[in-house]
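Notes follow the structure.
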Amino acid sequence: MVGSPFREGRDDSVGIVTVPGVEITLCNLGGRAGYPDFSVELVSMGETGGGLVAFQWVVRGTNTGPGLDGTPPTARALTLPGATFLQVEGDKIRSEHVYHDRQTIAEQLGLKATKD
């Protein structure tokens, strides 16, 4: 992303985003949760005003290990779009809200979706 505040991160991250007063590391935690080839593509990001920062992303990976809930691996690929909204105050992140579609995960991995 030319001219973006997004830049390459450390070994355990997919990148670092700098917004006024805050440096945010987008972590690659998927390898620890059954997806050793886990990757995150940052599609877009921007400040929406009032300290709110929005990220649109797509995660990809192959489910080769057990899920966090003990679900056995499926050996299927996953492509999951989603969004994250961070509320920043000064040099602190006050809140984080992450949105994705659980039905997409269940369908792509061949699992039955859970109902709330």
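At-a-glance table
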quantity	calculated
Candidates T64, T25, filtered to the one that is modelled with pLDDT of 90 or more, among the polar types (S, T, N, Q) and either under 15 Å from Q87 (Cα atoms) or not in a helix (DSSP H, G or I) (or both)	T64
Count of residues meeting criterion [surrounded by 13 or more Cβ atoms within 10 Å (Cβ to Cβ), in contact with a strand residue (DSSP E or B) (Cβ under 8 Å, 6 or more places away or on another chain) and modelled with pLDDT under 85] in the range 32-44	6
Flag for Q87 being in a strand (DSSP E or B), in contact with a Lys or Arg (Cβ under 6 Å, 6 or more places away or on another chain) and at pLDDT 85 or above	yes
Candidate set: the range 49-61, residues that are of a type outside the set (K, R) and touching a Ser or Thr at 6+ places or on another chain (Cβ under 9 Å); chosen: the one surrounded by the most Cβ atoms within 10 Å (Cβ to Cβ)	V53
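The values are calculated or read from the model by the stated rules, or taken from the named source; none is laboratory data. In this text the structure is predicted, and so the values were computed from the model without any measurement. Because the Cβ atoms are built from the backbone with ideal geometry, glycine has one as well, and the counts that use them run over all protein chains shown.
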